[in-house]
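Worksheet: the structure to be examined is printed underneath.
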Amino acid sequence: GSGDGRIVIGAALANPNLRGIGVDIDPKLVAEATEAARAQGVHDRVRFLHQNVFDADLSEVTVIFMWLWPEMQQMLRPKILAEARPGTRVVTNVWDLGSWQPDETDPQAPVSLWIVPARVEGYWDWELEVRGVRLRYATILEQRFQRVEGFTRVHKRRAVLEQVRLRGDDITIRCAMTLEGVGYARHEFSGKVRGDAIEGSVRITLPGEP
């Protein structure tokens with residue numbers, strides 16, 4: 001819903017490295033926005049398309065700004081989550097995205113920010129060597145937008161994950177459990193989600209260690 005193009009043009013004026021695309025279903029507004037971009041000298045980096053928003057290509061964008069009726073924004077939610085890359089920022093003014101809660105909200109203005117989360121729901125397995133003992137972790141994650149919870153199992157021991165923080169493709173998992181042959185251990189996993197893998201590191205704190 002780029003309208004007269006002021007948001008895209010304003011962003012391009014503020015950042016000389018930015019490239020922007022506006023989408024609107026009204027051809028008159030698209031023509032006005034295109035002429036405004038030319039008048040402001042940013043037409044080489046900004047273009048406006050006469051297009052249905054549901055046909056817009058979201059696969060390469062890094063920021064999505066929407067100015068649409070609330071029901072339209074909620075109808076676009078599945079498209080954004082399916083097509084936009086993890087880490088893409090979504091900004092709206094006044095209206096929200098329903099049960100998808102924003103990551104940040106400006107209390108001084110009706111502006112909210114969402115970070116498109118990576119898909120992590122499902123089964124994850126990894127192995128660690130702790131004090132010479134090779135351990136296999138089997139973990140299940142349940143996901144609702146950026147909110148994630150789950151549990152992990154190592155041999156006969158199980159533990160509920162204390163915290164899972166997901167922001168784009170960055171993930172942090174904290175849990176504590178007793179490991180056979182090792183003892184009580186606190187874990188902090190941190191990494192990036194890369195499709196069907198998570199690449200990162202783990203810090204394990206054992207009794208008597210700082």
Check: Quick one: how many residues across the stretch 177-210 are at pLDDT below 95 and touching a Gly at 6+ places or on another chain (Cβ under 8 Å)?
Finding: 2
Next item on the list: Considering every residue within the stretch 79-86, establish whether at least one is more than 22 Å from Phe48 (Cα to Cα), assigned to a loop (DSSP other than H, G, I, E, B), out of contact with any Cys (no Cβ under 6 Å at 6 or more places or on another chain) and open to solvent by 60 Å² or more (accessible area, probe 1.4 Å).
Entry: yes
Item checked: Unmet requirement for Ala14, which otherwise passes all of (1) exposed (fewer than 14 other Cβ atoms within 10 Å of the Cβ); (2) aliphatic (A, V, I, L, M); (3) within 14 Å of Phe65 (Cα to Cα) -> (3)
Item checked: Test: Asp196 is closer than 14 Å to Val120 by Cα, exposed (fewer than 15 other Cβ atoms within 10 Å of the Cβ) and within 29 Å of the chain's Cα centre (by Cα) -> yes
Check: Residues Glu142, Glu199: which one is of a type outside the set (Gly, Ala, Ser) and either outside any strand (DSSP E or B) or within 23 Å of Asp103 (Cα to Cα) (or both)?
Finding: Glu142
Next item on the list: Look at Tyr137 and say whether it is open to solvent by less than 40 Å² (accessible area, probe 1.4 Å), under 30 Å from Ala185 (Cβ atoms), of a type in the set (Phe, Trp, Tyr) and in contact (Cβ under 8 Å) with a residue 12 or more places away in the chain.
Entry: yes
Notebook entry, point to check: Can you spot a residue in the stretch 165-179 that is open to solvent by 50 Å² or more (accessible area, probe 1.4 Å) and assigned to a loop (DSSP other than H, G, I, E, B)?
Noted result: no
Notebook entry, point to check: Here are some conditions: (1) within 22 Å of Glu83 (Cα to Cα); (2) touching a strand residue (DSSP E or B) at 6+ places or on another chain (Cβ under 8 Å); (3) without any contact (Cβ under 8 Å) to a residue 60 or more places away in the chain. Gly1 meets all but one. Which one does it not meet?
Noted result: (3)
Next item on the list: Could you grab me the full set of residues in the stretch 145-164 that are surrounded by 14 or more Cβ atoms within 10 Å (Cβ to Cβ) and part of a strand (DSSP E or B)?
Entry: Val148, Glu149, Gly150, Phe151, Thr152, Arg153, Val154, Ala159, Val164
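Only one of Leu97, Leu68, Leu113, Leu76 is in contact with a helix residue (DSSP H, G or I) (Cβ under 9 Å, 6 or more places away or on another chain) and surrounded by fewer than 16 Cβ atoms within 10 Å (Cβ to Cβ); which?
Details: Leu97 fails: surrounded by fewer than 16 Cβ atoms within 10 Å (Cβ to Cβ); Leu113 fails: in contact with a helix residue (DSSP H, G or I) (Cβ under 9 Å, 6 or more places away or on another chain); Leu76 fails: surrounded by fewer than 16 Cβ atoms within 10 Å (Cβ to Cβ).
On inspection, the qualifying residue turns out to be Leu68.
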Check: What are the residues in the stretch 17-42 that are without any contact (Cβ under 8 Å) to a residue 24 or more places away in the chain and open to solvent by 90 Å² or more (accessible area, probe 1.4 Å), if any?
Finding: Asn17, Lys28, Glu35, Arg38
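The values are calculated or read from the model by the stated rules, or taken from the named source; none is laboratory data. Computed from a predicted structure; not experimentally measured. Cβ sites come from the backbone with ideal geometry, for glycine too, and all protein chains shown count toward neighbours. With ligands, DNA and RNA removed, areas are computed over all heavy atoms of the protein, side chains included. Shrake-Rupley method; radii C 1.70, N 1.55, O 1.52, S 1.80 Å.
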